[in-house]
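The values are calculated or read from the model by the stated rules, or taken from the named source; none is laboratory data. Only a predicted model underlies this, so the values are computations on that prediction, with no experimental measurement involved. In this analysis, Cβ positions are derived from the backbone assuming ideal geometry, glycine residues included, and neighbour counts consider all displayed protein chains. Accessible surface is based on the protein model in full, side chains and every heavy atom, while ligands, DNA and RNA are left aside. Shrake-Rupley method; radii C 1.70, N 1.55, O 1.52, S 1.80 Å.
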Amino acid sequence: MQTSPLSMTSDSSAGLDLQPGLKVHIARNGTPPLIEAADARAARCTLVWQAAGRGGARATLTLGSVAGLAARPLPATEPEGPGVLTVTFIAGGAFQPLFAGLGDGDYYLDDALSALVTAAASPAINGAARDLYQRAKCQELICEIIDRADRGELVPQASTSSLSLSEMERLMTARRIIATRFDEKLTLSLIGRTAGLNRAKLTQGFREVFGQTVADCLAEHRLTKAAADLTSSNRPVSAVGYSAGYLNNASFARAFSKRFGLCPTDFRRAGGQVTMAASTPVPTAVAA
């Protein structure tokens with residue numbers, strides 16, 4: 001279960017110089033002090049923690065100038081919700097053209113980037129290494145954002161030819177359900193009902209927006225988790241598969257071998273070192 005980073009500290013803000021020309025402002029329940037030149041480029045990550053039982057955090061990314069971001073209000077929060085967290089990167093000097101190349105716009109942040117936002121704002125460690133850890137997480141976050149933008153993998157906050165803006169929000173909720181509950185027995189009906197989408201919108205939306213099927217997305221999370229467990233623990237292969245959501249050891253071994261080119265046991269012996277050519281995405285059947 002995700003925990004709101006806002007519950008870990010009182011309302012506060014902090015600024016860090018990451019590199020010459022690259023700063024980050026972290027704020028809770030308030031707008032960060034964007035005091036740099038109005039035409040400087042910025043990237044603002046926002047987590048809105050909703051009331052319990054309503055889908056967890058809604059994570060977004062806004063790209064633009066400092067003046068543009070400062071003029072845009074933060075998303076509204078519910079009275080009973082924990083509030084808003086922002087992590088805002090300000091670019092200058094050599095970083096200015098790099099951020100300018102990202103353009104302007106509003107995007108959704110996936111579960112992995114949302115986790116980085118939380119880690120950057122609320123470091124999991126204390127003591128002498130805390131500051132170093134926080135800076136590293138901030139730099140990892142902005143590097144991942146730039147890399148995904150370069151590869152065209154950021155999902156715009158906009159309607160599509162088949163999905164309204166509200167349906168896009170529900171589609172992102174569906175993907176978050178898979179990312180956080182992949183070890184459960186998920187079905188299309190369960191995912192759609194929880195996210196508020198019918199089966200047609202759910203399946204069509206995944207293909208159109210994410211370029212993959214619901215089964216592809218589910219398999220990606222399950223097999224990534226299994227691969228990490230195989231190389232970091234001594235748990236039996238069957239237990240690894242079960243914890244990743246595979247109820248049958250044979251189906252786990254078959255899916256894993258097709259994905260990584262090695263059976264789970266050989267993958268563990270190789271220390272997880274497989275060639276990209278051997279690594280192939282494989283779908284997991286998702287019941288209706």
Reduced Cα scattering model of region 112-178, Debye log10 I(q)/I(0), q = 0.16 Å⁻¹: -0.70
Exposure rank, largest accessible area first [Arg269, Arg41; 1.4 Å]: Arg269, Arg41
Virtual paramagnetic centre 7 Å along Cα→Cβ of Gln273, amide N under 18 Å, in region 220-242: 228, 230-233
Cross-link pairs Lys201/Lys225; Lys225/Lys258; Lys185/Lys225 - those with Cα-Cα distance over 19 Å: Lys201/Lys225
With all protein chains modelled, accessible area of Phe206 [1.4 Å, Å²]: 0
Protection proxy ranking of 124-135, 93-104, 210-221, 109-120 - average other beta-carbon atoms within 10 Å, highest first: 109-120, 210-221, 93-104, 124-135
Additional length obtainable on full extension of the chain from Ala200 to Asp106, 0.36 nm per residue less Cα span: 31.2 nm
Where region 134-179 is the region considered: accessible area per residue in Å², 1.4 Å probe: 45
Dipole of region 58-127, positive end: most advanced residue of Tyr108, Ala70, Ile125 [Cβ charges, Cα centre]: Ala70
